[in-house]
Amino acid sequence: MNKSFTSVYHSHEEIANNSATIVQWIPSSKNNFLVCYDNGDIYIFDKELEINQFERVPFHDNCFSVWKSHKDQCNPIQRWHLCNANILDLKFSPEGEYLAVSSDDGKLRIFDWTNESEILVLQAYYGNFLCIEWTSDGRYILSGGQDDLVSIFDFNNGDILARGEGHKSWVSSISFDPVKSQISENLYRFATVGEDGYILFWEFNPGECMRARSKRDSMGILHALDYESSEESTSRVSILGLEISKSVPAKGRHRVYYMEHVGNHKYKEIPLSGVVTVPNGYITACWGSVLNYWQESVKE
């Protein structure tokens with residue numbers, strides 16, 4: 001992307017009053033990229049179009065909507081209004097068919113990118129979801145947030161499979177590990193970093209998580225009174241052939257299986273802001289603009 005194009009699309013009158021938060025190429029597209037803004041909008045641009053041709057975009061809606069340009073050779077080519085809150089993170093599913101988006105209203109929304117529809121809204125237990133990741137088979141959505149927890153959601157039914165405890169501050173980044181995971185054996189592995197300066201290593205088996213929760217249920221633990229989001233499920237939607245609630249409230253602590261991390265490293269007292277999986281290890285970034293390479297997880 002050339003510098004002149006970057007300066008022009010930010011000066012467009014419909015966009016100039018908002019701050020860009022995320023820029024990302026769209027999967028399977030050579031020319032199209034999206035830009036997220038702090039007002040809940042996503043604009044899609046074509047880098048090959050003339051930089052001085054822009055179409056006026058209609059005023060923002062109060063609910064989810066998709067606007068498409070009806071003119072040739074004009075940017076932006078689309079605007080997705082997702083919500084009325086700052087977009088914090090987004091990730092496409094492995095096949096690029098679905099888009100997971102977290103925002104500053106405590107929600108994680110799942111969109112059918114192909115059919116341009118909102119299909120699922122998940123509520124955070126506390127605060128906001130700050131980071132999102134998909135497992136490589138697209139079955140589970142991993143997230144970390146301001147509740148210092150890691151949450152694992154089953155995309156097939158919208159239910160929370162487990163939460164992970166271990167961080168002592170906000171979870172700032174999460175990365176699935178396709179190399180160390182053994183999906184054929186239902187073993188998934190990933191890493192998280194947080195503002196506590198730790199990188200934590202996790203692994204889970206969906207079947208074991210479900211059995212552990214069923215065991216707690218049989219003991220009567222899951223029926224204890226506990227906080228649960230009061231947001232009602234207003235509609236239902238079909239995902240992968242299953243009919244589920246479109247809006248899923250957060251489950252209370254005693255209604256969710258909690259798992260522990262399997263290893264950790266501490267990086268001084270500096271908050272960590274990013275983690276990326278690489279062969280045989282991980283790369284982390286911190287607030288001091290330092291990158292570090294970590295070997296495989298170490299058992300405690």
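Coordinate-derived values only; no laboratory data. In this text, all values refer to a predicted model and were calculated from it rather than measured experimentally. Cβ: placed from backbone, ideal geometry, glycine included. Neighbour counts: every protein chain shown.
For a test of the definition: using alpha carbon positions, the gyration tensor, and the 1.5 limit on a/c, classify segment 96-225 as rounded, prolate or oblate.
Numbers: a/c = 1.18, a/b = 1.13, b/c = 1.05.
Verdict is rounded for segment 96-225.
Tally Lys and Arg at +1 and Asp and Glu at -1 over the other residues with C-beta under 9 Å from the C-beta of Asn86: what net charge comes out?
Every neighbour counted, the sum reads -3.
Along segment 280-289, what does the Karplus equation 6.51 cos²θ - 1.76 cosθ + 1.60 (θ = phi - 60°) give for ³J(HN,Hα), rounded to whole Hz, x for Gly and Pro?
6, x, 9, 10, 10, 10, 10, 5, x, 6
Using only the Cα atoms of segment 61-168, build the gyration tensor, take square roots of its eigenvalues as a ≥ b ≥ c, and label the shape rounded, prolate or oblate: rounded if a/c is under 1.5, else prolate if a/b is larger than b/c, else oblate.
Details: a/c = 2.44, a/b = 1.74, b/c = 1.41.
Here segment 61-168 falls in the prolate category.
Using the structure shown, list the pairs from Lys91/Lys180; Lys30/Lys246; Lys91/Lys268; Lys47/Lys180; Lys107/Lys168; Lys30/Lys71 with a Cα-Cα distance above 25 Å, or answer none.
Too far apart for the 25 Å limit: Lys30/Lys246; Lys91/Lys268; Lys47/Lys180.
Apply the a/c threshold of 1.5 to the C-alpha gyration tensor of segment 150-221 and tell me whether it is rounded, prolate or oblate.
Here segment 150-221 falls in the oblate category.
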